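Each remark here refers to the structure printed beneath this line.
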Amino acid sequence: MARNITTEDCSSYCGAWITIGSFDGIHKGHQRIINKLVRGAHESGQKAVVITFYPSPAEVLGKKEPPFYLTSPEEKERILKKMGVDSILTLRFDRELSRMTAREFITMLHEQIHFSCLMIGYDFRLGAGREGDIHKLREIGKDLRYCVRAVDAVEKGKNPVSSTRIRDHLLEGKVEKAARHLGRFYEISGEVIHGDGRGKHIGLPTANIMPWIKKIIPATGVYAVFAELDGELLPGVVNIGHRPTFYEKPMERTIELHIMDFNRDIYGKEMRIFFVKCIRPEKKFESAKALMEEIHHDIKVAKKVLSDASTKKNLPA
């Protein structure tokens, strides 16, 4: 996915408006920047280009260890394209790049894409030691003849929307709060794999999902979700956890999806799961029968939650 800028980019995007950043999650704060970028660029007859990085600088510099990503590179590109971005250039972030000063990096970028405007967030910083703040970037812009436009933060409550806050909400199982910051349901995707077959044995078939290993998974618990399969949106319930009713010792966490009123062979298929609401924490039951009774109650609750959610505008595309 990560690639370097090519001469084709240079010739195709001369005069483009750009923004730079990790944009993990593409939350409402990021969306404000992207929307202004796209609108401003297109009104000026220019292309809107997003410069982003993979791996994340936070991972390369040891500030965070996976799993912590809110969006995979593929998800990020899909969302940005839907927002009207003309091109996403994903640069491979490494130690060498991290040692570049703001002037070195911007000069390199400008030599290859002769951009005319740089759109950034209010607190954006770039370069070794994060010395490239808005004042520094405007100083460089005077020399290279590009303008710098800053965008204010989006706030929820008393604090700006941030990827860190969204991660905290997910780790607490607060997927509704995460969705309000994202402007859409949080999603994970992955292949449907074979589990231990216990769900089918007790009369409630489930699909085990294997997500991208670097992506953050919501807290252990039971969730009302929408599942997308081959473009079809289906209501479901997901259990994330260790299945304590059946296993004395904690097992590796699994993601088990039950799709309501559904009975098809989907092993090997790619599935997207959109988290709507946490119904309850995972807990140990005295018997499989007691667990089944609770699951049927979970399904009733989930149906009501998903029926209400289906009237909202943030359903997945």
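Only the coordinates and a few stated rules stand behind these numbers; no lab work does. Keep in mind the model is a prediction, meaning the values are calculated, not measured. Counting neighbours? That spans all protein chains shown, and the Cβs are built from the backbone with ideal geometry, glycine included.
Straight-line cross-link partners of LYS156 among the lysines, defined as a Cα under 23 Å from its Cα and at least 8 positions apart when in the same chain: LYS28, LYS36, LYS76, LYS174, LYS177, LYS277, LYS312, LYS313. Cβ crowding within 10 Å ranks HIS297, HIS135, HIS242 as HIS135, HIS297, HIS242, fewest other Cβ atoms first. By DSSP, the beta bridges lying fully in the stretch 7-158 are antiparallel in about 5 percent of cases. Averaging 1/r over each pair of different alpha-carbon atoms in the stretch 162-309 and inverting the result gives 15.5 Å, the Kirkwood hydrodynamic radius.
Taking every eigenvalue of the Cα gyration tensor of the chain, multiplying by 5 and rooting it, what semi-axes result, largest first, whole Å?
Whole-Å semi-axes of the equivalent ellipsoid: 42, 19, 18.
Considering only Cα atoms, the convex hull volume of the stretch 7-158 works out to 120 Å³ per residue.
Panel order for MET108, MET83, by other beta carbons found within 10 Å of each beta carbon, from fewest to most: MET108, MET83.
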